[in-house]
1. Return the total of residues in segment 108-125 being surrounded by fewer than 16 Cβ atoms within 10 Å (Cβ to Cβ) and either closer than 27 Å to residue 83 by Cα or of a type in the set (Ser, Thr, Tyr) (or both).
2. Exactly one of (1) of a type in the set (A, V, I, L, M, F, W, C); (2) within 30 Å of residue 4 (Cβ to Cβ); (3) over 20 Å from the mean Cα position of the chain (by Cα); (4) assigned to a helix (DSSP H, G or I) is unmet by residue 90. Its number?
3. Just to verify a result, which residue in segment 229-244, among those that are of a type outside the set (D, E, K, R) and in a helix (DSSP H, G or I), is farthest from residue 98 (Cα to Cα)?
4. Filter segment 199-220 for residues that are within 29 Å of residue 343 (Cβ to Cβ) and out of contact with any helix residue (DSSP H, G or I) (no Cβ under 6 Å at 6 or more places or on another chain) and give the result.
5. Taking the criterion of being under 13 Å from residue 182 (Cβ atoms), in a helix (DSSP H, G or I) and in contact (Cβ under 8 Å) with a residue 12 or more places away in the chain, would at least one residue in segment 119-138 satisfy it?
6. Could you please find all residues in segment 288-306 being charged (D, E, K, R) and in contact with a strand residue (DSSP E or B) (Cβ under 7 Å, 6 or more places away or on another chain)?
7. If the requirement is being closer than 18 Å to residue 289 by Cβ, at pLDDT 95 or above, out of contact with any Asp or Glu (no Cβ under 7 Å at 6 or more places or on another chain) and of a type in the set (Lys, Arg), which of these qualifies: 397, 347?
8. Considering segment 18-35 alone, what residues qualify as being buried (at least 21 other Cβ atoms within 10 Å of the Cβ) and of a type in the set (A, V, I, L, M)?
Amino acid sequence: MTRVAVTGFGALTPLGLGAEPTWSALRAGRSGIRQIGAEIADNAPVRIAGMVDPAYVEALPVRERRRLDRAEQFTLLAGREAWAMAGRPAVDPDRLATAIGTAYGGIGSIVANEHIRVTKGARQVSPHLVTMLLPNGPAAWLSIELGARAGAHAPTTACAAGAEALATGVNLIRSGTADVVVAGGADAGVTPLSLTGFAQMRALSTNPDPASASRPFDQDRDGFVLAEGAVVLVLEREDHARARGAAVHGYIDGTAVTSDGRDIVNADPANQARTITRALRDAEAEPADVGLVHAHATSTPAGDRNESDALTAAGIAAPVTATKSMTGHMLGAAGAAGTFAALQALRHQVIPPTVNTETVDPEIPHDIVTTVRGADMGVALVNSFGFGGHNVALVVRSR
């Protein structure tokens with residue numbers, strides 16, 4: 001089997017700009033969730049979110065700030081870091097692809113420009129709006145940045161999009177279509193409209209304290225915290241990476257992408273378990289091989305319990321962590337962020353904590369890691385699920 005190596009990471013999250021600052025914050029159990037002001041929340045019923053420091057975007061050239069949506073800007077910042085970490089591999093452009101998943105695409109640009117149209121008139125709407133709002137934008141702009149011609153793939157499978165982009169990258173390399181794929185997820189969906197929509201669903205936490213609001217698996221969890229960011233990985237055919245002397249930081253050895261086909265919102269634990277089992281089979285791994293689970297775990301009462309049931313059904317008894325407790329839910333970036341966290345945990349043999357989980361829900365029988373923990377592990381499972389019944393599971397190894 002062709003192995004797919006990870007040779008670069010890039011991250012822009014509520015925890016900071018860069019893979020290392022993000023990992024250091026996760027390892028330290030530091031939250032990036034903050035109060036947000038009226039200029040962002042407007043009259044939305046929730047006033048907390050995981051926001052990227054605006055200084056990082058403001059440092060971009062004026063041309064990129066004007067032409068690109070925030071999700072596209074995030075993607076370029078994370079993608080540039082990942083590409084540099086990978087050593088800017090010399091690769092035939094026809095063998096280089098991008099795959100960036102997003103849930104919301106350019107919702108921020110849509111909301112802002114509709115406000116401009118209504119209050120200032122149509123002629124004040126940005127001439128770049130169409131390319132800012134399309135959900136293929138992050139993948140397309142990154143492909144333009146790198147000169148990639150083997151496809152700019154853009155999964156839009158809600159909160160599973162970033163993980164599906166990584167699965168897409170793995171399959172492009174395994175099929176012989178590409179030697180290198182720069183893949184991940186990005187979203188910048190913290191707007192008054194999205195905050196209100198999720199609040200109307202009763203999906204968001206109403207806890208006014210930012211630091212303690214996201215509490216996966218806790219018996220008092222009451223919903224997720226909306227967040228934004230981008231995480232990008234450089235995926236590379238192992239022999240291609242070895243031939244150029246690149247450092248390999250881990251492998252994605254197993255992928256599975258399935259759909260429930262039964263409900264737009266309510267997840268099916270049986271299908272989640274089926275997805276996990278398929279990913280393990282693809283990686284030629286057994287449930288007992290798994291030393292860590294990075295859970296999707298958004299902190300919703302039903303969602304966390306469903307995922308726990310799926311892990312049990314799949315025979316997984318490994319320690320579980322959920323870093324959304326610190327970042328919030330970055331939607332389309334979440335699966336890529338979870339994969340990054342799992343790979344770093346394997347590299348450093350350290351499990352980052354699930355913060356705020358003080359009393360584990362008695363209906364969840366798993367070992368939830370609530371303080372940073374050293375561990376001897378070589379295999380991790382990463383789960384990612386999205387509205388619409390989208391299920392993705394990835395199996396990663398350190399060597």
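The values are calculated or read from the model by the stated rules, or taken from the named source; none is laboratory data. Remember, predicted model here, so these are calculated numbers, not experimental data. Note that each Cβ is placed from the backbone with ideal geometry, even for glycine, and that neighbours are counted across all protein chains shown.
1. 1
2. Here residue 90 clears every test but (4).
3. At the first step, the residues of segment 229-244 found to be of a type outside the set (D, E, K, R) are 229-235, 240-241, 243.
From what is left, the residues that are in a helix (DSSP H, G or I) are 240-241, 243.
Details: 240: 17, 241: 17, 243: 21 Å.
Result: 243.
4. Answer for segment 199-220, where residues must be within 29 Å of residue 343 (Cβ to Cβ) and out of contact with any helix residue (DSSP H, G or I) (no Cβ under 6 Å at 6 or more places or on another chain): 203, 210, 211, 212, 213, 215, 218.
5. Within segment 119-138 (the criterion being under 13 Å from residue 182 (Cβ atoms), in a helix (DSSP H, G or I) and in contact (Cβ under 8 Å) with a residue 12 or more places away in the chain), the answer is yes, since at least one residue qualifies.
6. 289
7. 347
8. Residues satisfying the conditions are 19, 26, 33.
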